[in-house]
Amino acid sequence: MSDDASPVKKRNPSSDTGLADQASDVGRQMQDAATDVAQAAVETAKRQAPHTLETAKSLVSEAGERLQDEARGRKSEAADFVGRIAEAVKRAGAAVESDLPFAAPYIRDAAAQMDGASAWMRGSDFRDMVAQARAFARSRPSAFLALTVLAGFGMVRLLKSSGVQRTERGPDRVTGGGEPIDQSGGS
């Protein structure tokens, strides 16, 4: 066998070095391009950050204003509600004055206190009201609890008398297999 018949070609070491240099140059170019892109992104973020921050502040401020407007509206509704209750208590006091003369001054005082609370609600800032309610709850927890319970009972009575109709339920029924089943114990 001769060396001339061998299909294996000899490598040229100088061409291998040239390919390595080219690959190295391409790698450096890619690294430089990636660095440029990263720097451009950082610069864009730096330029946009104040605008983004300003937009976020604006959105938060707008949301806060909407919440405050809603709280003011609800506070006004609550003050009107307390004022209406005070008027109802005054009318009730006038109606029972002849039958229960000893109770009339207490009823008038209660109505006056409610009128004062209504005026206080209209004239106070919502944050001040919450702070004062917290301070009252901390200083007199039992009185706060009692007032909360009384207010709850008052709301229940008011809602019951406001004409809101509840639907009456018959015996408890559960459907099983499409047929109603009477669970009241009857057959």
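The table below lists the values:
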item	result
Near pairs, Cβ below 6 angstrom, 6+ apart or cross-chain, from the stretch 77-99 (surrounded by 13 or more Cβ atoms within 10 Å (Cβ to Cβ)) to any residue that is in a helix (DSSP H, G or I) and of a type in the set (S, T, N, Q)	Ala79/Ser118; Val82/Ser118; Gly83/Ser118
Residues located in the stretch 95-111, provided they are touching a helix residue (DSSP H, G or I) at 6+ places or on another chain (Cβ under 8 Å), farther than 17 Å from Leu150 by Cα and either in a helix (DSSP H, G or I) or of a type in the set (A, V, I, L, M) (or both)	Val96, Ala103, Ala104, Arg108
Qualifying residue in the stretch 162-170 (condition: assigned to a helix (DSSP H, G or I) and at pLDDT 65 or above)	no
Ala63 assigned to a helix (DSSP H, G or I), under 17 Å from Arg127 (Cβ atoms) and not charged (D, E, K, R)	yes
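Yes/no per residue for (1) within 21 Å of Met155 (Cα to Cα); (2) modelled with pLDDT of 85 or more; (3) of a type in the set (Val, Ile, Thr):
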| residue | (1), (2), (3) |
| --- | --- |
| Val37 | no, no, yes |
| Leu53 | no, no, no |
| Leu59 | no, no, no |
| Glu70 | no, no, no |
| Gly83 | yes, yes, no |
| Ala86 | yes, yes, no |
| Leu100 | no, no, no |
| Ser118 | yes, yes, no |
| Gly123 | no, yes, no |
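The values are calculated or read from the model by the stated rules, or taken from the named source; none is laboratory data. Bear in mind that the values here come from a model prediction, so they are computed numbers and not experimental data. Positions of Cβ are generated from backbone atoms using ideal geometry, with glycine treated the same way; all protein chains shown enter the neighbour counts.
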